[in-house]
1. Can you find, within region B:461-488, the residue that is surrounded by the most Cβ atoms within 10 Å (Cβ to Cβ) among those that are without any contact (Cβ under 8 Å) to a residue 40 or more places away in the chain and part of a loop (DSSP other than H, G, I, E, B)?
2. Condition test on B:V398, is it of a type in the set (V, I, T), on the phi < 0 side of the Ramachandran plot, assigned to a loop (DSSP other than H, G, I, E, B) and surrounded by 14 or more Cβ atoms within 10 Å (Cβ to Cβ)?
3. Among strands (runs of 3 or more DSSP E) lying entirely in region B:878-994, which contain 2 or more residues that are open to solvent by less than 20 Å² (accessible area, probe 1.4 Å), without any contact (Cβ under 8 Å) to a residue 40 or more places away in the chain and not aromatic (F, W, Y)?
4. With the structure loaded, tell me whether A:S36 is surrounded by fewer than 17 Cβ atoms within 10 Å (Cβ to Cβ) and within 23 Å of B:P729 (Cβ to Cβ) or whether it fails that test.
5. Which residue is nearest to B:V306 (Cα to Cα), if the candidates are limited to region B:505-547 and must be of a type in the set (A, V, I, L, M) and assigned to a helix (DSSP H, G or I)?
6. Of these, A:D73, A:D31, which one is facing chain B (nearest Cβ under 9 Å) and either surrounded by fewer than 18 Cβ atoms within 10 Å (Cβ to Cβ) or out of contact with any His (no Cβ under 6 Å at 6 or more places or on another chain) (or both)?
7. Scan region B:449-459 and tell me whether some residue there is open to solvent by less than 30 Å² (accessible area, probe 1.4 Å) and of a type in the set (D, E).
8. Of all residues in region B:806-840, which are open to solvent by 10 Å² or more (accessible area, probe 1.4 Å), within 23 Å of B:M785 (Cβ to Cβ) and either in a helix (DSSP H, G or I) or not β-branched (V, I, T) (or both)?
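The values are calculated or read from the model by the stated rules, or taken from the named source; none is laboratory data. Note that the coordinates shown come from a computational prediction; the quantities given were computed from them, not determined experimentally. Quick reminder, even Gly has a Cβ in these numbers, built from the backbone with ideal geometry, and neighbours come from all protein chains shown. Only protein heavy atoms, including side chains, enter the accessible area calculation; ligands, DNA and RNA are left aside. Shrake-Rupley method; radii C 1.70, N 1.55, O 1.52, S 1.80 Å.
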Amino acid sequence: MLLIHCPYCEMDRPELEFRYGGEAHIARPADPMATSDETWAEHLYFRSNPRGLHAERWRHISGCGRFFNCLRDTVSDRIVTTYKAGEARPEIDRGAA
Amino acid sequence: MSEHFRLSGATGRAVRFVFDGVTYQGREGDTLASALLANGVHLIGRSYKYHRPRGMLTAGAEEPNALVAVERGRGRMTPNLRATQIELYDGLVATSQNRWPSLAFDVGVINDVAGKFYSAGFYYKTFMGPKFAGTALWTRVFEPIVRYAAGLGARPTDPDPDRYAQFYAHCDVLVCGAGPAGLAAALAAARSGKDVILCDEQSEPGGSLLHETTATIDGRPARVWAEEGLAELKAAANVRVMARTQAFGWYAQNFVALSERVADHLAELPRGARERLWQVRAKRVVIATGAIERPIVFPGNDRPGVMLAEAGRIYLNRFGVKVGSRVVVVTAHDSAYRVALDLAAAGVTVAAIADVRSMPLRARMQEAEAAGIRVISSATVTGTKGRRRVSGVGIAQVGGDVVGGTDWIACDCLLMSGGWTPSVHLYSQSRGKVVWHEDRQMFLPGASVQDERSAGACRGSFTLEAALSEGDRAGAEAAGIETARPSFAITGEAGTEGGVLGRLPRRPGAKGKAFVDFQNDVKADDIELAVQEGMRSIEHVKRYTTTGMATDQGKTSNLNALAIAAGKLGRSIPQVGLTTFRQPYTPVTFGAFAGANRGDLFDPVRQTPIHSWAEENGAAFEDVGLWKRAWYFPKPGEDMHRAVLRECRQTRATAGIFDASTLGKIEVVGPDAAVFMEKLYTNPWAKLEPGRCRYGLMLNEAGFVMDDGVIARMADDRFHVTTTTGGAPRVLHHMEDYLQTEFPDLRVWLTSTTEQWAVIAVQGPKAREIVAPLVAGFDISKEAMPHMSIREGTVCGVPARVMRVSFTGELGFEINVPADHGRAVWEAVWAEGRKVDAVAYGTEAMHVMRAEKGYIIVGQETDGTVTPADLGLNWAVGKAKKDFVGKRSLVRPDMIVDGRKQLVGLLTEDPAIVLEEGAQITATAAPAAGTRALGHVTSSYASPALGRSIALAMVAGGRDRSGERLYVPMPGGAIAVTIVDPVFVDPKGERLDV
């Protein structure tokens, strides 16, 4: 079980309190109706699925209820950092994890 | 029989136990294995496939052969326990497994004779074979026999009466294994004051020091050193010493799972838990899990009496048991010489040490010869004799590639040592990559991935001095101590060099089964055959032969299997690969994992405030998610069908009262509440006046229907949202997701109120008569309170929100009152209802009546691929809205294509036939194989209102097929149906307008 740092509670809490929320930084287009079918399909269905550092969303659903973002290494399962929703992805060397 | 093989002068209280119906005597402190050996019993089981007689191979957790069942009363039968780990207590009852009718005479031994049919890939070749598979002869005759004959112990049939506890623990340093390295590590860490947990799988911590009688540490006998260290650890307040505790699994971030056996060794079961599952989060972990001795692969290496060499020493020095009276030692490793010397000193005849090495260490040979033991070098084993116990071993000498003549040596025990395999399991589970050391012929831990250090034999350091210093340093490092470390003065240590992998040299064409994996009965020949048949990777060899796939996960066999495969392939061991070490290290009971989560505690049960009334009034309940919902209210003598018929008819005749409290409810509040609702639901909300309700439809971003429900606007900034019973948490999560991450500027707050409101639905032409006398503060007349409106006031003096809504097609009210008042208000409503002969109805009648009206249920008519248009619900989609979640997807090409499945009604030609929900629909009565169905039945009932069956279905292009005749093919023949409008009752909605 992972120990995840909630950036709002500022505490390490067990994975059981959290729910995974898919890839982070996928912004919903401001005007979806103005997008092409291809762009919209890309937005809906296509994700980066990297080997290595992955920016992803988690929600502290059984805690403060807030969504936040997390950089996790998909190979080692190591969480490199977590940060609040809306903040930019931290500049961390993709090889560092 | 009474302990003929026990050393004289053995202390320990005598205890009696039963094995296979025979009573024996053993000693307190014995394992079942040591006690049986004390009585000269080696035969303890039959092997998995060939039913060959088998005895104890080891003295520990790695035991592949000696699996037994222990029974201690009803529900307390545990199969597949290792006799080498079962602690003896007075009255222990154990039985052997996998034999019929008895251990000594076993019919299944025919498998041994017929062995050629059980070669590598047997399961794939036979079970998948075209000739046999699926035929009656196979499924009824052969398969049951094979499955019965090849197997492990039987499962218990009674519920387990024991309790299992689960704990979380946190510590600075966790030390796994309490042998010399682990003890030294724990002592070093403990002296720093850090929180330390030291766990060991055995009844007594100490590991190899427990049977070390020759070596000294800092001038004290090794065992005394261990006892003193343990005493210090047990006395320290910052240390928890856990015996009988297996660290069985390593998970992310130094999360290590331990299984503690609390009760199994006690004659009297304690009142507490039988086992404890510990989930430990450790800042640092010291892995000190030791090494496992390897068997040698030669023909007949599996007979009872053939054991690992060190096991012979453990039984002798720790349990005072001689494993035989005339022993031959076959070894490739120096440590077995000490075994021979100890046995000889105890009066056991050691007929010979056959060393497979051409040049055994001079000093070792001299020690042996000084004790009068003959040493044969360059030895190989050509075979063994004896049926239920080894009686002789054939030794030959190897010169170059030539195997010489066999010299048969009589013995009643054959001890073997192929060397030692470091236990890298936990390290590997921590995602560390083991590294092959060609010079030492072993896999050892590489770089650390997590905060752990391996110390001692598990990282290939076999000398006592190395184990102690490495342990000490690892413990100090884990505790953050940087001072210089002490050294340890050692004398009298056993040898630590040598080893062999794979099968011993043999004459060309030599026969005899040479076992690699004892538990799964995999022979050296099987592995070579697998390679010959094209398996290249060890992962394929493993699955084809099943080597290493038994409950012992190949602890004694994996390296030999790998070496044989590599030899046959002519490749190096790392090229062939190493199979994954998986949790758990040894089997863990289901009880430990389940803990308290069983029976009533397995899943929480949700009950409405009106549940007790339904129970008192004879309701049958159905599970809806975690909820218990009243399903129907049968009168005496009524079955479900009759009860539902009555409930529906009476509701439409006068009124019915229904507990709708399980409906999900979310309060959406804030200055931007309407803007938010516009985004999350397809419908327009901006212009909905306070006091009015609207049917809301929620889509996911892909445009598919995800939930629906009636939504009331309480005020400009407040909505009372209802969701489906099962959808409430999902909808709230979805709302929070968009609110927090896509529209964070909106000033909106979301609160789940599902459990705060009890909801009483009153439906039927007399509904207003029932509700009116209870209401205060507002007018519920037709004019004052139209369909789809909401009013706040009191009901029975309790603050209430009353909606005029309908899920039956009849005049209806839904009374929301605070949950605590739910039952009282329900009873008042019921009392009014009785005056007009109203019924209480359950979820089944609710389903029937809504289907008669063509109202959908999300999750029944929909399956995650259905759009509003498919359901004929385009009227609920706000055309003028610029955006809402899912809107863009509704115009994707696939969503507007012709021929999508659409909601329709179905009428069977025979009105008595009620279709099966989920049944497929086709254009012809007997479609050709491979024909795609046009759609499927989603809801189907006997309709009391129509006096015939009705169904809802999703059918391709369904709305254009009105009147068309289609078919529902069923095993008894196709059923003809006609497509109709999905609204069967009151299509104009006149009954609502009263």
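1. The extreme case among them is B:T463.
2. No, not satisfied.
3. Counting at least 2 such residues, we get B:935-943.
4. It is false that A:S36 is surrounded by fewer than 17 Cβ atoms within 10 Å (Cβ to Cβ) and within 23 Å of B:P729 (Cβ to Cβ).
5. In this case the residue turns out to be B:A524.
6. A:D31
7. Looking for residues that are open to solvent by less than 30 Å² (accessible area, probe 1.4 Å) and of a type in the set (D, E), one finds at least one in region B:449-459, hence yes.
8. B:S806, B:F807, B:E814, B:P818, B:H821, B:A828, B:W830, B:A831, B:E832, B:K835
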